[in-house]
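Peer 1: Next up is a structure, given as structure tokens.
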Amino acid sequence: MTIEEDLRVTLHERGAAAVPPAGDLLTEVTSGVRRDVRRRRLTAGGAGVAVVVAALAVPLMRHDADPPRPQPLPAASPSLPAGWERSMFVPAPFFPLRPTWVPADLGTRPEVLQMGPNEVLRYERNGDVLTAEIGSVDPAWDAETTGEYATEVNGVPATVRTAGAYDGAGPGDRYVSVRWRIPEFGAWVQVTSLGRHTEAQVLRFARGLDGGMGSVAGTSPAPFMFGVMPVRVNTQYQSPDRVCLTDRDATRRREPEGLCVLVADEPFVGGGERVTVAGRAASLRLDAGSLTIDLGGRVLTVTWDRGRFPLSRDEVLAFAGGITYRG
């Protein structure tokens, strides 16, 4: 059981005891230097932490400046489905290895992403991308490499692969990636550079990931907060525009899966059953596992794996109505 699960279950049980029950989210992170290529995220094995605070659900809305404040649901809101809870849930992945050195041209404000059981630390500036990924799933080599050699990282055997060209590469760009395994963590670590950094710089960054200086938390808030959700779910995937939740069974997939929320810059298109979510027009396709909500120039889409989350119509609408989007 993860930290976030322990915390939410404890709060849930204590809340239930005090008041009688009423009834009972790097394939794309490292595939190119273009800003629209590769943004992916991670937790598992105790790596993901979520902030859980007892609160009423927050209606779906967009906050451009101030952080969202909990507001009561309208009196007409349906009661919670069985097996669901109201509790403010903010996904908050962190990277467990703090770097001791980072190339100065990349700055000091990385993103922390989550991709299934793996976590990703990502720096990007002026087309250069440097990432570090750690987790139980072996990360992929993301370019057709032309060179390979053995080295070591903090006394552990490692492999370096290089290439002078890759998808999206510009003049002078190189692919450099080093991979090793930390036995005491039971985890793979891979550092990848796409851009103008040298092999010596990449290795210096990798060898500085010694874990002796604590972890790195995300530098920006999660794009979504969840006020109504199934009991005992964890973050499976998180990126700047997507969060996926899964049940307590650990997933070994780095790709998004489970109960996912995504925001995209595209017009709202009807179809399916026309419904209203928090006063906004929406289109529900229950058989396809999809709900699309009109945000005015943007759409928020909820999708779910019908095998893992066999959601009813009321459950989907309750979940969507409790989402706060902070875009």
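Peer 1: Is one or more of the residues making up region 311-320 among the polar types (S, T, N, Q) and surrounded by 12 or more Cβ atoms within 10 Å (Cβ to Cβ)?
Peer 2: First pass over region 311-320, keeping only residues among the polar types (S, T, N, Q): 312.
Imposing the further condition that a residue be surrounded by 12 or more Cβ atoms within 10 Å (Cβ to Cβ) reduces the set to none.
For region 311-320, residues among the polar types (S, T, N, Q) and surrounded by 12 or more Cβ atoms within 10 Å (Cβ to Cβ): absent.
Peer 1: Still on this structure: Does Leu203 satisfy the criteria of being open to solvent by less than 10 Å² (accessible area, probe 1.4 Å), among the aliphatic types (A, V, I, L, M) and at negative phi?
Peer 2: So Leu203 does not fit the description; no.
Peer 1: Considering every residue within region 263-284, establish whether at least one is open to solvent by less than 20 Å² (accessible area, probe 1.4 Å), at pLDDT below 95, closer than 17 Å to Cys244 by Cβ and in contact with a Leu (Cβ under 7 Å, 6 or more places away or on another chain).
Peer 2: Within region 263-284, one or more residues are open to solvent by less than 20 Å² (accessible area, probe 1.4 Å), at pLDDT below 95, closer than 17 Å to Cys244 by Cβ and in contact with a Leu (Cβ under 7 Å, 6 or more places away or on another chain).
Peer 1: Spot the failing condition for Asn126; the list is (1) modelled with pLDDT of 90 or more; (2) closer than 22 Å to Gly170 by Cβ, and only one is missed.
Peer 2: (1)
Peer 1: Given the structure, is Arg98 at pLDDT below 90, of a type in the set (Lys, Arg) and either over 30 Å from Gly227 (Cβ atoms) or surrounded by 23 or more Cβ atoms within 10 Å (Cβ to Cβ) (or both)? So that I can check it myself, show each step before the final result.
Peer 2: Numbers: at pLDDT below 90: yes; of a type in the set (Lys, Arg): yes; either over 30 Å from Gly227 (Cβ atoms) or surrounded by 23 or more Cβ atoms within 10 Å (Cβ to Cβ) (or both): yes.
It is true that Arg98 is at pLDDT below 90, of a type in the set (Lys, Arg) and either over 30 Å from Gly227 (Cβ atoms) or surrounded by 23 or more Cβ atoms within 10 Å (Cβ to Cβ) (or both).
Peer 1: Return the pair list, or none, for Cβ contacts closer than 8 Å from residues in region 83-105 that are closer than 21 Å to Arg242 by Cβ to residues that are modelled with pLDDT under 85 and among the polar types (S, T, N, Q), at least 6 apart or on different chains.
Peer 2: Correct list of pairs: Pro93/Thr43; Phe94/Ser215; Phe95/Ser215.
Peer 1: Out of region 239-256, which residues are of a type outside the set (Val, Ile, Thr) and modelled with pLDDT under 90? Quick ask: steps written out before the conclusion?
Peer 2: Initially, region 239-256 is screened for residues of a type outside the set (Val, Ile, Thr), giving 239-242, 244-245, 247-250, 252-256.
The answer is Ser239, Pro240, Asp241, Asp247, Arg248, Asp249, Ala250, Arg252, Arg253, Arg254, Glu255, Pro256.
Peer 1: Could I ask something else about it? Just one of Ala163, Ala132, Ala143 is over 28 Å from Pro223 (Cα atoms), among the small types (Gly, Ala, Ser) and open to solvent by less than 10 Å² (accessible area, probe 1.4 Å); which is it?
Peer 2: Ala163
Peer 1: I'm trying to understand the selection: among the residues of region 223-281, which are farther than 15 Å from Ile293 by Cβ and acidic (Asp, Glu)?
Peer 2: Passing the criteria: Asp247, Asp249, Glu255, Glu257.
Peer 1: Within region 156-174, is even one residue of a type in the set (D, E, K, R) and under 21 Å from the mean Cα position of the chain (by Cα)? I'd like the intermediate steps shown before the answer.
Peer 2: To start, the set of residues in region 156-174 that are of a type in the set (D, E, K, R) comprises 161, 167, 173-174.
Still in the running and under 21 Å from the mean Cα position of the chain (by Cα): none.
No.
The values are calculated or read from the model by the stated rules, or taken from the named source; none is laboratory data. Keep in mind the model is a prediction, meaning the values are calculated, not measured. Heads up, the Cβs are rebuilt from the backbone with ideal geometry, glycines too, and the neighbour counts pull from every protein chain shown. Side chains included, ligands, DNA and RNA excluded: accessible areas come from the protein's heavy atoms. Shrake-Rupley method; radii C 1.70, N 1.55, O 1.52, S 1.80 Å.
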